[in-house]
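Here the structure is laid out as structure tokens; the discussion comes afterwards.
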Amino acid sequence: MDPVIATGMFVLGLVFGSFLNVCIYRMPRGLSVVRPGSACPHCGKPVRFYDNIPVLSWAVLRGRCRQCSGKITPRYAVVELLTGGLFFLCYWQFGLSLAMLKCAVFGFLLLGLIFTDAETHLLPDKLTLTGLAAGVIFSLFVPVGDLLSVVLPGVVQLPVSSDLSWRVFSLFDSLLGAAVGASFLYGVGVVYLRWRGVEGMGFGDVKLMAMIGSFVGLRLTILTMLAGSVAGSCFGLWTVFAVWIKRTQRRRQVFHESGSAARRNAWASAMVALRRHQMPFGVFLGSMGLVAFFFGQQFLQWYWRQM
Ligand SMILES: [Zn+2]
């Protein structure tokens, strides 16, 4: 690993992260990401170039606008640092290669989607569908996975070394990952809608999963969905539990209810809150997709060895 290139990648990531912040703010609002230049969300005054340096400006101004002192969310610095770290990690894992580019594109889009979903509960098509197309195209140049060894383990030795055949199988794996990911989430969405009567999963999640599938292939798509569901459920349970505890305490203090009545009433209102609250499932799918992309193959190998 060349330290100069590694630093360069980190800095490039900071710059791309800065652009990603613009996308996260503007895309759900239907604004252009190109024009006009950055402006303060409070006073609308343009941000001067020396106040627009990734991370540093935010730290120097202590998260406030220079002109109106309005608070600037730490998300700006967090996204920049994460994108910087991501680009560094891509270079560290893959060196200067097409695989590195694929990794950077995938992570860049996912970071944008994770933060947009967390803030607005939206997953812009501009990111998901662009990603889906990119994932399919990349599969022709960077092998997606070793689907063959899974489908036919040790049974046949197909000539995967030949240039054309690996591309065909890689493309197939990419399309299969996208199709299985999208249809599974679509199915879950339909079941959820019938069962609960509310939309628990938007069509954005379906497109997000198609995009992840196209980048990681079938096996890691399944792993991503499993891990995403576990992470999402844990978060959901933890949220309900926290709301329950908080409301029980409040009921006892404010309404002077007995312990059991307070617990029962607080539980009922926590369940109502859960029903109204739409979970940003894209956050969990997106982050697990990223984890699967980096560590999924090693995890599966480790897992099969334990069996
Ligand atoms: Zn301002």
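Summarising the label geometry, the points placed 7 Å from Cα in the beta-carbon direction at LEU31 and THR7 lie 3.5 nm from one another. Using a 1.4 Å probe over the heavy atoms of the protein chains, calculate the carbon and sulfur portion of the accessible area of region 174-213 as a whole percent. Percent of accessible area from carbon and sulfur atoms in region 174-213: 70.
Using a cut-off of under 15 Å, list every residue of region 20-43 whose amide N is near the label point 7 Å from the Cα of ARG64 along the Cα-to-beta-carbon line. Taking a point 7 Å out along Cα→Cβ of ARG64, the residues of region 20-43 whose backbone N falls under 15 Å are 42-43. Based on Cα contacts under 8 Å between residues 6+ apart, the chain shows a relative contact order of 17 percent.
Remark: region 109-123, residue by residue, has Karplus-estimated 3J(HN,Hα) of 5, 5, 4, x, 5, 4, 6, 5, 5, 5, 7, 10, 6, 10, 10 Hz, where x stands for each Gly or Pro and the curve is 6.51 cos²θ - 1.76 cosθ + 1.60 at θ = phi - 60°. A straight Cα-to-Cα reach below 20 Å connects LYS207 with the lysines LYS102, LYS126, residues fewer than 8 places away in its own chain not being considered. When cysteine pairs in the chain are screened for C-beta atoms closer than 4.7 angstrom, the residues that find no partner are CYS23, CYS234. Accessible area per residue for the chain, computed on protein heavy atoms with a 1.4 Å probe, is 56 Å². Between ALA118 and ASN265, the FRET efficiency from the beta-carbon distance, with R0 = 30 Å, is close to 0.50. The protection proxy used here, the mean number of other Cβ atoms lying within 10 Å of each residue, ranks peptides 10-21, 28-39, 102-113, 209-220 as follows, highest first: 209-220, 102-113, 10-21, 28-39.
A Förster radius of 51 Å, combined with the Cβ-Cβ distance separating PHE172 from SER258, puts the computed FRET efficiency at roughly 0.20. Charge dipole (Cα centre; +1 on Lys/Arg Cβ, -1 on Asp/Glu Cβ; no other charges) of region 182-292 amounts to roughly 540 debye.
Please report the relative contact order for region 1-155, taking Cα pairs under 8 Å with a sequence separation of at least 6, and give it as a percent rounded to a whole number. In percent, rounded to a whole number, it is 28. A Förster distance of 41 Å, applied to the separation of the beta-carbon atoms of ARG48 and PHE203, puts the FRET efficiency at 0.55. Here the 3J(HN,Hα) profile of region 224-233, calculated from phi with Karplus coefficients 6.51, -1.76 and 1.60 at θ = phi - 60°, is 4, 5, 4, 5, x, 5, 4, 4, x, 5 Hz, Gly and Pro shown as x. Amide H contacts under 5 Å for GLU257: ARG252, restricted to partners 5 or more places along the chain or on a different chain, H placed in the peptide plane at 1.01 Å from N. Each residue of region 266-271 was assigned a 3J(HN,Hα) from its phi angle through the Karplus curve 6.51 cos²θ - 1.76 cosθ + 1.60 (θ = phi - 60°); the sequence is 5, 4, 4, 6, 5, 5 Hz, with glycine and proline shown as x.
Amide H to amide H, with H built 1.01 Å from N, ARG64 comes under 5 Å of ILE72, counting only residues 5 or more places away or on other chains. What is the sum of charges around PHE299, taking Lys and Arg as +1, Asp and Glu as -1, for the other residues whose C-beta is under 12 Å from the C-beta of PHE299? Every neighbour counted, the sum reads +2. Here region 31-133 exposes an accessible surface that is 67 percent carbon and sulfur, computed with a 1.4 Å probe and the other protein chains kept in place. The order of THR224, THR120 by accessible area, most exposed first and with a 1.4 Å probe, is THR120, THR224.
The values are calculated or read from the model by the stated rules, or taken from the named source; none is laboratory data. Quick caveat: nothing in here was measured; it's all calculated off a predicted structure. Positions of Cβ are backbone-derived with ideal geometry, glycine not excepted, and every protein chain shown enters the neighbour counts. All accessible areas refer to the heavy atoms of the entire protein, side chains included, with ligands and DNA or RNA removed. Shrake-Rupley method; radii C 1.70, N 1.55, O 1.52, S 1.80 Å.
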